[in-house]
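Here is the structure we will look at.
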Amino acid sequence: MPGIDECLLHAMRLPGVRGAALVDWTSGLALGTVGDAAGNDHETAAAETAELARMAAEHPTFTPVGAAEGPPDAKHGKNPPVEDVVVTTRTCYHVLRFVETSFDSSVLLHLWLDRADGNLALARLRMRDLTERLVLE
């Protein structure tokens, strides 16, 4: 897969998707967005998504069993201990999938799904595939 735009367009093909964004979770900046934004503002949604991702990735509560303790160090190429975060509301799902990269692994894919039409299990599987094939330059 060539890059951000194509990754986001593929994400939008999933049933029930309302919007998608690729976000730098250390800075809160949106690297790319498509579709609707939760709260009607892509930049605010990216910043708030990054805050949630940082909380999950940096707290030892979410470190895998048997892994070394302590927060990940994105600047030294270590991947966050969390694969994805799922937030469920009465009307939608928000799925945050961390992207493993060869440089700093500070990127995540945020998918916003309508709960009535979306398939959470399928979305997680496709997001894993998309993020594994994503080429960031």
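The values are calculated or read from the model by the stated rules, or taken from the named source; none is laboratory data. Being a predicted model, the structure only gives us computed values, none of them experimental. Glycine gets a Cβ as well: all are built from the backbone with ideal geometry, and neighbour counts include every protein chain shown. The accessibility values were calculated without ligands, DNA or RNA, using every heavy atom of the protein model including side chains. Shrake-Rupley method; radii C 1.70, N 1.55, O 1.52, S 1.80 Å.
Would you mind telling me which numbered condition in (1) at pLDDT 85 or above; (2) part of a loop (DSSP other than H, G, I, E, B) Leu22 fails?
Among (1) at pLDDT 85 or above; (2) part of a loop (DSSP other than H, G, I, E, B), Leu22 violates only (2).
Quick one: how many residues across region 96-137 are in a helix (DSSP H, G or I) and in contact with an Asp or Glu (Cβ under 9 Å, 6 or more places away or on another chain)? Show your work before the answer.
First, pick out the residues of region 96-137 that are in a helix (DSSP H, G or I): 120-133.
If we keep only those that are in contact with an Asp or Glu (Cβ under 9 Å, 6 or more places away or on another chain) as well, we get 124, 127-128, 131-132.
Of the residues in that region, 5 qualify.
Say we look at region 62-95 and pick out the residues that are under 30 Å from Val17 (Cα atoms) and in a helix (DSSP H, G or I); which of these is modelled with the highest pLDDT?
Phe62
Quick check on my filter: what residues within region 113-137 are within 22 Å of Phe62 (Cβ to Cβ), of a type outside the set (Asp, Glu) and open to solvent by 20 Å² or more (accessible area, probe 1.4 Å)?
Leu120, Ala121, Arg124, Leu125, Arg128
Looking at region 33-48, which of its residues are open to solvent by less than 50 Å² (accessible area, probe 1.4 Å) and either modelled with pLDDT of 95 or more or part of a helix (DSSP H, G or I) (or both)? Write out each step before concluding.
Filtering region 33-48 down to residues open to solvent by less than 50 Å² (accessible area, probe 1.4 Å) leaves 34-35, 37-38, 45-47.
Those that are open to solvent by less than 50 Å² (accessible area, probe 1.4 Å) and either modelled with pLDDT of 95 or more or part of a helix (DSSP H, G or I) (or both): Val34, Gly35, Ala38, Ala45, Ala46, Ala47.
Could you list all residues from region 82-111 that are open to solvent by 40 Å² or more (accessible area, probe 1.4 Å) and more than 18 Å from Leu31 (Cα to Cα)?
Applying the first criterion (open to solvent by 40 Å² or more (accessible area, probe 1.4 Å)) to region 82-111 yields 83, 86-91, 100, 102-104.
Correct list: Glu83, Val86, Val87, Thr88, Thr89, Arg90, Thr91.
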